[in-house]
Amino acid sequence: MNSNLKKLLKLLSDGEFHSGSALGKELQLTRSAIWKLIKQVKNLDIEVVAKTNQGYKIAQKIEFLNKTKIAHYLPNKYRKYLSELAIFDELPSTNSYLTESVKTNIKPQICFAEMQTSGKGRLGRKWISPFARNIYLSVLWQFDKKIEELSGLSIAVAVAVAKALELYGIKHDIGLKWPNDILWQKRKLAGILIEISGETHHLYNAVIGIGLNIAMPKDAAKKIDQPWADIAEITQAVPERNKLVGVLLDQLFTTLDIYQQQGITPFLAPWRKLDVSLNKKITVITPMQKKIVGIGKGIDTSGQLVIEDQSNGKLFKFVSGEVSLR
Ligand code: ADP
């Protein structure tokens with residue numbers, strides 16, 4: 001992102017009108033250069049209101065991610081991680097950034113991007129990631145465990161996200177869809193993508209990515225091909241992004257520590273409480289696009305999905321990462 005565009009966005013982030021000439025003065029640019037920059041703002045799916053005599057404003061304020069503000073919501077014991085936390089204007093993907101940096105041992109271990117240009121879902125799917133409205137974050141965590149013990153990690157992380165939402169004040173209608181979705185009223189509010197790499201003496205690096213919709217712009221939302229939700233709709237208030245991030249990181253760090261010590265077990269009961277597929281008819285879509293219909297029977301003690309074939313009562317199990325639920 002070029003620095004003039006960034007400066008302009010900072011000025012407009014207050015949601016107030018700014019005249020073209022005032023903006024020009026601040027940025028030392030002509031009014032027509034400002035006009036061109038405003039076009040770039042619109043290309044970021046940010047709604048701009050232009051009025052003669054008043055100038056430009058953006059339809060909704062922007063609260064940029066800010067380390068100091070995030071720190072404010074983090075308990076003391078986790079502030080040590082702030083030196084490893086980086087906030088980027090844009091990245092292809094926060095997960096890709098950390099999976100690359102782990103190879104070269106480069107810090108940070110926690111990264112945010114205001115926007116992802118190639119945000120990732122599972123199995124090559126895309127995560128729609130417009131600028132400065134949502135949360136896209138990845139954390140790199142090293143586990144001293146056997147690989148098969150890490151298969152339940154997405155269950156634990158989904159429970160952590162649900163807990164963070166509850167602490168933020170969202171206490172109703174949250175559901176979890178195996179293996180990695182957080183729903184509100186059955187619509188996708190957040191997704192998780194976990195990528196595990198390399199073993200050295202039982203040490204695995206897990207890159208844990210979370211995308212959480214805060215105030216999804218309408219134009220960007222058109223690119224999402226399934227029902228979705230955002231925090232703004234749920235709370236009917238202007239979301240506090242930095243507060244949400246602080247609460248989320250707190251829950252995430254706590255969860256990852258517990259997972260290292262105790263594995264998936266402590267997360268099974270909280271998952272079951274929020275499991276949207278329990279005793280419901282669900283369709284499992286395999287990587288070869290085969291559809292298997294059955295009744296959701298929850299997860300087993302290792303986090304695998306169990307479904308029951310209605311015709312003969314047989315149980316099938318699925319490992320996460322392979323299949324999608326609809
Ligand atoms: P699935 O939902 O099939 O399990 P993933 O977990 O890989 O798939 O998530 C990727 C999918 O999530 C995309 O194919 C799209 O349907 C949906 N999606 C993409 N971006 C967003 C977003 N910002 N909010 C909600 N859903 C999204």
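The values are calculated or read from the model by the stated rules, or taken from the named source; none is laboratory data. Because the structure is predicted, anything quoted here is derived from the model rather than measured. Counting neighbours? That spans all protein chains shown, and the Cβs are built from the backbone with ideal geometry, glycine included. Only protein heavy atoms, including side chains, enter the accessible area calculation; ligands, DNA and RNA are left aside. Shrake-Rupley method; radii C 1.70, N 1.55, O 1.52, S 1.80 Å.
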Taking the Cβ-Cβ separation of Asp225 and Lys280 as r and a Förster radius of 25 Å, what is the calculated FRET efficiency to the nearest 0.05? 0.70
Considering only C-alpha atoms, what is the centroid distance from region 259-324 to region 72-113, in Å? 31
J(HN,Hα) series, region 85-94, from Karplus relation 6.51 cos²θ - 1.76 cosθ + 1.60, nearest Hz, glycine and proline x: 9, 10, 10, 9, 5, 8, 9, x, 7, 5
Express in Å², to the nearest 10, the accessible area of Thr52 obtained by rolling a 1.4 Å probe over the protein heavy atoms while all chains stay in place. 130
Under the 0.36 nm per residue contour assumption, what length would be gained going from the current alpha-carbon distance of Leu315 and Thr68 to full extension? 83.9 nm
FRET efficiency for Thr30 and Lys218, Cβ-Cβ distance as r, R0 = 30 Å, nearest 0.05? 0.45
Using the Cα centre of region 277-324 as origin and beta-carbon charges of +1 (Lys, Arg) and -1 (Asp, Glu), tell me which of Thr286, Thr301, Phe318 is placed farthest towards the positive end of the dipole. Thr286
Viscosity 1.567 mPa s, temperature 4 °C: give me the Stokes-Einstein translational D for region 277-324 in µm²/s, with Rh taken as the Kirkwood radius over C-alpha pairs. 121
Over the chain, what percent of the accessible surface lies on carbon and sulfur atoms, probe 1.4 Å? 50
If one computes P(r) from the Cα atoms of region 3-58, what percent of pairs lie at distances over 15 Å? 35
Unit charges at the beta carbon, dipole of the chain: most positive-side option, Trp271, Gln60, Gln142: Gln60
Heavy-atom SASA rank of Asp275, Asp144 (probe 1.4 Å, accessible area, largest first): Asp144, Asp275
Peptides ranked, highest mean first, by Cβ atoms within 10 Å: ranges 173-179, 151-157: 151-157, 173-179
So if R0 is 45 Å, what FRET efficiency would Thr301 and His172 give, r being the distance between their Cβ atoms, rounded to the nearest 0.05? 0.95
On C-alpha positions alone, give me the angle between the axis of helix 31-43 and the longest principal axis of the chain, in degrees, nearest 10. 10
At 222 nm, what helix-only mean residue ellipticity would the chain give, in deg cm²/dmol to the nearest 500, using -39500 (n - 2.57) for each DSSP H run of four or more? -9500 deg cm²/dmol
Going by average Cβ neighbours within 10 Å, how do the peptides 242-251, 54-63 rank, with the highest at the top? 242-251, 54-63
Equivalent-ellipsoid semi-axes (√(5λ), Cα gyration tensor) for the chain, whole Å, largest first? 38, 23, 17
What angle, in degrees between 0 and 90 and rounded to the nearest 10, separates the Cα long axis of helix 153-168 from the longest principal axis of the Cα atoms of the chain? 50
Once the piece of chain linking Ala237 and Glu308 is laid out straight, how much longer is it, given 0.36 nm per residue of separation minus the C-alpha distance between them? 21.4 nm
Stretch gain in nm, segment Lys186-Asn43, where the contour uses 0.36 nm per residue and the Cα spacing is subtracted: 48.5 nm
Using Cα pairs under 8 angstrom and six or more residues apart, how large is the relative contact order of the chain, in percent? 15
For the chain, longest principal axis from Cα atoms; helix 241-262 axis from its Cα atoms; angle between them, nearest 10 degrees, is 20
